[in-house]
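Worksheet: one structure, shown below.
Every number here is computed from the coordinates shown, using simple stated rules; none is lab data. What you see is a predicted model, and the numbers here were worked out from it, not measured in a lab. Here the Cβ positions follow ideal geometry from the backbone for every residue, glycine too, while neighbour counts run over all protein chains shown.
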Amino acid sequence: MKGWMGKFRALGIFGFLMLVLSGCGKENLSALTPKGYGSKAALNLINISLGVMIFVFVVVMVIYAIVIVRFRKKKGREDYIPPQTEGNKALEVIWTVIPIILLVIIAIPTVAITFDLADESAADESLNVNVTGNQFWWHFNYEGEEIQTSQDLYIPTGEKVYLNMKTSDVLHSFWVPALSGKMDLHPENENTMYIQADEEGVYDGKCAEFCGTSHSLMDFKVIAVSPEEFDQWVEDMQNVDPEAQPETADAQEGQQLFQDNSCIGCHAIGASPAATGPNLTNFGDRTTLAGVKEHTKDNIVDWIMDPESMKPGNKMADANYDVTQEEAEKIADYLLQLQPSDITPESAETNE
Ligand code: HEC
Ligand SMILES: [Cu+2]
């Protein structure tokens, strides 16, 4: 009786966990709610494999149940031994051939999709973005467009965007579950994959390769907007004047402080090449700070005063600058008004 109770309790806990955990995850961070070409292909494969596995499971369970019932030890026939069938050729062939057929059913679409997702034949006439992974932030350099961004990757919907990926330090892995599978980043070899978003939206991305203390905070976003909105965004980004004067006096002072302290040494504004820190050209249009924190003035000030406490081990923590709280507020005012485009993450979310 006690043993049964224990089993029921375990079953109860599993059932409960299944219910609760199935509520975990966000829609735009899930491979099970695919919104892109690669993720849809992957989900198809998952479903095919699952179908085959369920088929095998059911068949085995049915045979198992029949055997248990039919061949029980019966009263009066305790010594009975059923006819032995080892070495039965027909049976051996059948249960060798069936798994082969099942594996072929899984293998054909797997191989086809693998080649399809690795296909780079359209790369030349597509949008190419050079992606760099850094501890613990992402950099995006739009090839031939004179556009550099960090953390937020804008792409047009309905077309393949080729990502040529490398890391500046340790291994990272680029993963936007709702759009595609993962791709590792390596310091020397460039790895290429394409993503294609079928619907507008803001898709969360993660670093999927342990890369240090703040690995779990190395988040980014893919912002998929309509092709027209994307063209508008490109134009806006190309027309940014990195030296443009802010409107308010505080922001103007902030701009000066940003230049006088070492900030500008690590953070580019405008399309100058990748620096040691995130490009801040469209910082005011972002919805998160450092990939993970709420994009509020308070948080930005806290970040400038003590980046280590918000993202342990990050490379700004040992930077050499000395600003007061008041100065940090002015710098935040300056950074927040860096809003070069009307195309923002909100455009992707409202136009669905
Ligand atoms: C030694 C280089 C360095 C210096 C100097 C530096 N930063 Fe940074 N900064 C970084 C790095 C690296 C990150 C990315 C940290 C991370 O997310 O891992 C960063 C992140 C940021 C972010 C968040 C960016 C984002 O993408 O959300 C802001 C804002 C910022 N820095 C502002 C400043 C300001 C203001 C100064 C000057 C007072 C400054 N930084 C000085 C390297 C630097
Ligand atoms: Cu990483």
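With both residues required to sit in the chain, DSSP beta bridges show an antiparallel share near 70%. Here segment 249-350 is treated as a sphere whose radius is the Kirkwood value from Cα pairs; by Stokes-Einstein at 37 °C and 0.692 mPa s it diffuses with a coefficient of 234 µm²/s. Helix 89-117 axis versus longest C-alpha principal axis of the chain: approximately 10°, rounded to the nearest ten. This ranking places TYR142, TYR80 by how few other beta-carbon atoms lie within 10 Å of each, fewest first, which gives TYR80, TYR142.
For segment 1-157, the relative contact order is 12 percent, taking Cα pairs closer than 8 Å that sit 6 or more residues apart in sequence and dividing their mean separation by the residue count. Between PHE14 and LEU45, full extension at 0.36 nm per residue minus the direct alpha carbon distance yields a gain of 8.5 nm. Along the axis of the charge dipole computed for the chain (Cβ charges of +1 for Lys and Arg, -1 for Asp and Glu, origin at the Cα centre), the listed residues GLN238, SER22, ILE113 are led at the positive end by SER22. The magnitude of the dipole of the chain, with charges of +1 and -1 set on the Cβ of Lys/Arg and Asp/Glu and taken from the Cα centre, is near 4260 debye.
The residue among ALA42, ALA275, HIS172 whose Cα reaches farthest toward the positive pole of the charge dipole of the chain, with charges on the beta-carbon of Lys, Arg, Asp and Glu, is ALA42. Contact order, relative form, for segment 249-350: 40 percent (alpha carbon pairs under 8 Å, 6 or more residues apart, mean separation divided by residue count).
Kirkwood radius for the chain, taken over all pairs of different Cα atoms as the inverse mean of 1/r, rounds to 24.0 Å.
Across segment 310-319, computed HN-Hα scalar couplings (Karplus, 6.51 cos²θ - 1.76 cosθ + 1.60, θ = phi - 60°) run 9, 8, x, x, 6, 7, 8, 4, 9, 5 Hz from first to last residue, x flagging Gly and Pro. Taking the fewest neighbouring Cβ atoms within 10 Å as the starting point, the ordered list for ASP318, ASP236, ASP285, ASP333 is ASP318, ASP236, ASP333, ASP285.
Remark: relative contact order (the chain) = 17 percent; criterion is Cα-Cα distance under 8 angstrom and separation of 6 or more residues. Only helices enter this figure: runs of n ≥ 4 DSSP H residues, each worth -39500 (n - 2.57), summed and divided by the residues of the chain, yield -13000 deg cm²/dmol at 222 nm to the nearest 500. Ranked by how many other Cβ atoms sit within 10 Å of their own Cβ, fewest first, the residues HIS267, HIS139, HIS295 fall in the order HIS295, HIS267, HIS139.
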